[in-house]
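Read through the structure below, which is laid out as structure tokens, and then see the notes.
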Amino acid sequence: MYDQIATNKFRSAALMGVFVLLVALIGYVFGQAMHWSYWGLVVALVVSFGMAWGSYWYSDKIVLSMSHARPVDRDREPYIVNTIEGLAIAAGLPVPKAYVIDDPAPNAFATGRNPENAAIAVTTGLVAKMDRLELEGVIAHELSHVKNYDTLVQTLAAVLAGTVVLLSDWMLHSFWWGGGRRRGDGEGGAQLQLIFMLIGLVLALLAPMFAVLIQMAISRKREFLADANGALLTRYPAGLASALKKIAGDNNKLRVANKATASLYIYNPLKDYRAGMNSLFNTHPPIEERVRRLEAM
């Protein structure tokens with residue numbers, strides 16, 4: 001289990017590094033093709049930094065609002081508060097704010113830029129359909145996301161993916177309207193610019209798909225890591241394994257879920273998992289694989 005945790009941390013860091021390099025590469029090629037010199041690289045980094053800054057400070061409020069989450073009522077729902085508080089103390093974490101989503105579909109997610117500003121949201125369906133050990137397994141999983149700064153990593157991954165898509169769209173529009181043919185530096189300069197334009201066209205077409213693949217891979221690695229850490233916190237992997245089976249087998253659709261927030265939930269609320277190439281675009285690992293790993297602990 002400790003090997004899995006170390007491997008997932010390394011792979012997540014490596015994928016984030018590839019993401020940053022992809023943004024920088026697109027900016028550089030865009031700048032060269034447009035005769036902007038290194039300004040394309042500067043613009044790419046400034047845009048990605050600006051988007052990341054906004055997401056860092058406001059992503060939790062945005063996600064909770066989009067999910068129609070309300071603060072937990074201590075008098076009506078003390079069980080949720082007590083479970084979160086007890087596990088947070090056991091994990092050595094500040095107690096996250098607790099929220100509830102009024103929906104019969106069992107699911108949960110964590111958000112926040114750091115443990116001091118974290119929040120955990122659970123659906124009423126999760127509380128109603130899980131026993132004590134299963135609910136503790138789910139909450140421990142979400143607390144592990146908080147402790148590992150997964151919510152921040154996933155937010156940055158989403159921002160970088162959006163930056164790649166935005167830059168690619170700009171590049172295609174510029175090439176379409178002939179923006180790259182503004183000036184030349186002789187025959188050699190024209191040939192070099194043509195090469196950069198061809199490279200830029202290929203990047204503009206393929207980079208968005210590649211960016212989404214990286215984002216999905218990061219999400220999947222963080223889910224495996226949170227499963228392992230959550231089992232370590234409760235000392236009872238079977239509780240989380242049983243909860244995942246119930247959540248995956250439930251037929252209710254989470255009404256407030258959308259593509260922007262799906263990767264945050266403990267189980268993808270939007271679609272079933274399919275084999276082959278389609279599995280590359282899943283935000284979560286297959287439930288069967290997650291359960292198998294938990295049961296092997």
Test for residue 267: is it modelled with pLDDT of 80 or more and within 19 Å of the chain's Cα centre (by Cα): yes
Of all residues making up segment 63-122, the number that are surrounded by 13 or more Cβ atoms within 10 Å (Cβ to Cβ), in a helix (DSSP H, G or I) and in contact (Cβ under 8 Å) with a residue 40 or more places away in the chain: 11
Qualifying residue in segment 241-250 (condition: modelled with pLDDT of 90 or more, buried (at least 16 other Cβ atoms within 10 Å of the Cβ) and either under 22 Å from residue 160 (Cα atoms) or in contact with a Gly (Cβ under 6 Å, 6 or more places away or on another chain) (or both)): yes
Unmet requirement for residue 92, which otherwise passes all of (1) assigned by TED's automatic domain parsing to the domain that holds residue 127; (2) farther than 15 Å from residue 122 by Cβ; (3) under 20 Å from the mean Cα position of the chain (by Cα): (3)
Residue tally, condition in contact with an Asp or Glu (Cβ under 8 Å, 6 or more places away or on another chain) and surrounded by 23 or more Cβ atoms within 10 Å (Cβ to Cβ), over segment 123-138: 1
Conditions (1) on the phi > 0 side of the Ramachandran plot; (2) assigned by TED's automatic domain parsing to the domain that holds residue 137; (3) of a type outside the set (Phe, Trp, Tyr): number failed by residue 108: (1)
Residue within segment 56-76 that is among the acidic types (Asp, Glu) and under 26 Å from residue 133 (Cα atoms) present: yes
Whichever residue in segment 139-154 is β-branched (Val, Ile, Thr) and buried (at least 24 other Cβ atoms within 10 Å of the Cβ) and, among such residues, is nearest to residue 237 (Cα to Cα): 139
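The values are calculated or read from the model by the stated rules, or taken from the named source; none is laboratory data. Here the structure is a predicted model, which means the values were calculated and not measured. With ideal geometry, Cβ positions are generated from the backbone for all residues, glycine too; neighbour counts draw on all protein chains shown.
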